[in-house]
Amino acid sequence: MGKTGLIRHAFHRMEAEKQAICYYVDLYKTDSLASLVEQLANVVLGSLDTNEEKVIKKITTFFKSLRPLFSFDSLTGVPTFMVDVKPEWAEHSLAEIFSYMEQSGQQCIIAMDEFQSIADYGDRNVEALLRSHIQQLTSVHFIFSGSQRHVLENMFASANRPFYQSTQILNLYEIQEQSYYEFAKEKLSDHGQQLNADAFGYLYQKLAGHTWYVQVLLNCLYESGERLISLDVIDDTLTRIVDENEATFQTFMRLVTPSQAKLLKAIANEKSVQQVLGQSFISQHHLGATSSIRSALKILVEKELVLDAQGAYQVYDRFFALWLQRQ
């Protein structure tokens with residue numbers, strides 16, 4: 001739904017107005033507390049010091065456990081830092097980084113994207129460790145975001161988890177059709193292209209208003225240079241996009257069992273299904289036993305092939321859904 005773009009846009013605005021120093025940390029590729037600390041250290045080190053001559057001295061005296069490696073930009077001469085965090089020092093290093101930020105005298109905001117990744121760490125009690133540090137900070141603020149809604153909801157809405165009731169929760173929904181149309185119309189018009197409201201409504205509904213997929217399609221239409229963007233032009237462009245991704249979609253299908261594939265196709269054809277276990281849906285698509293459907297649905301959601309959008313199930317990838325509808 002554009003969460004990363006929204007965070008970066010907000011950070012750009014805040015830094016331009018000098019409201020805070022902002023850091024974006026992507027946890028998608030992290031697999032341990034040590035790798036999380038390493039990512040955090042690499043974006044934070046040196047950024048809070050304005051006097052470059054004192055940066056190295058301050059960091060070497062402040063961070064006892066990190067032992068950062070220094071290098072200098074060949075063009076600007078600005079020092080840069082890289083760290084290699086030892087697992088046994090990870091907790092201590094995390095405390096040092098937070099202390100460094102807290103003592104800087106500046107307001108800091110850290111966005112931890114794909115925060116649900118920490119649930120898969122082999123380390124014990126990472127959530128509790130982070131929570132214990134965060135609740136002590138007054139100048140460092142946090143945004144936790146992620147694409148696996150059901151995992152994040154469990155982390156922040158379950159009474160037995162450390163982050164329970166520790167944040168304000170914001171769900172991102174579709175950009176309203178009229179607002180999105182006005183934006184798209186202006187950009188295309190500046191490019192000498194015409195997009196009327198009916199045509200935009202058609203593509204918006206085709207992709208269920210999902211920001212990323214709508215934006216991809218609009219980008220392709222912009223690049224096409226078509227003066228009048230008609231329904232035929234939209235359909236042809238969508239077909240090309242889906243065809244270009246066919247190899248990926250075939251790989252998706254190899255990752256599921258025949259019963260899971262059948263359920264995927266059924267959900268794609270319905271576009272959105274609230275009663276997946278309802279007899280009407282089951283009999284219409286000849287899906288078999290309820291217990292098998294329940295098991296298949298659970299696996300498809302876990303694999304992020306199906307999205308549970310507050311009880312309405314949809315194929316997560318909108319282009320994949322269009323491909324399934326053609327099969």
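The values are calculated or read from the model by the stated rules, or taken from the named source; none is laboratory data. In this text, all values refer to a predicted model and were calculated from it rather than measured experimentally. Cβ atoms come from the backbone with ideal geometry, glycine included; neighbour counts cover every protein chain shown. Protein only, heavy atoms only, side chains kept; ligands, DNA and RNA dropped before computing areas. Shrake-Rupley method; radii C 1.70, N 1.55, O 1.52, S 1.80 Å.
Summing Cβ point charges (Lys, Arg +1; Asp, Glu -1) relative to the Cα centre of segment 275-327 gives a dipole of roughly 120 debye. Taking the 1.4 Å solvent-accessible surface of the chain as the whole, the part contributed by carbon and sulfur is 49%. Length available on full extension from Gln250 to Lys298: 0.36 nm per residue minus the Cα-Cα distance, which gives 15.2 nm. Between Glu223 and Thr138, the contour length at 0.36 nm per residue exceeds the Cα-Cα span by 25.9 nm.
The Kirkwood radius of segment 233-327, taken over pairs of alpha-carbon atoms, gives through the Stokes-Einstein law at 20 °C and 1.002 mPa s a diffusion coefficient of 158 µm² s⁻¹.
Excluding ligands, DNA and RNA, the accessible surface per residue across segment 247-327 is 53 Å² with a 1.4 Å probe. 3J(HN,Hα) along segment 318-327: 5, 6, 4, 4, 5, 5, 5, 5, 7, 6 Hz, from the Karplus curve 6.51 cos²θ - 1.76 cosθ + 1.60 with θ = phi - 60°, whole Hz, x for Gly and Pro. Shown in residue order for segment 157-170 are the 3J(HN,Hα) couplings computed by the Karplus curve 6.51 cos²θ - 1.76 cosθ + 1.60 at θ = phi - 60°: 10, 9, 5, 9, 10, x, 8, 4, 6, 9, 9, 9, 9, 10 Hz (x for Gly and Pro).
For segment 170-225, the Cβ-based charge dipole about the Cα centre amounts to some 100 debye (Lys, Arg positive; Asp, Glu negative; other atoms uncharged).
Remark: the Ser158-Thr257 segment gains 32.5 nm on full extension, using 0.36 nm per residue and subtracting the alpha carbon distance.
When the chain is modelled as a GNM with alpha-carbon springs shorter than 10 Å, which of Ser93, Ser179, Ser147 fluctuates the most? Result: Ser179 has the largest fluctuation of those listed. Here segment 230-285 is assigned +1 on the Cβ of each Lys and Arg and -1 on the Cβ of each Asp and Glu. Its dipole about the Cα centre then comes out at about 420 debye. Amide H to amide H distances under 5 Å link Phe142 with Ile110, where only residues 5 or more positions off or on other chains count and H is placed in the peptide plane.
Note the per residue figure in Å³ for the convex hull of the C-alpha positions in the chain.
Each residue corresponds to 186 Å³ of Cα convex hull volume.
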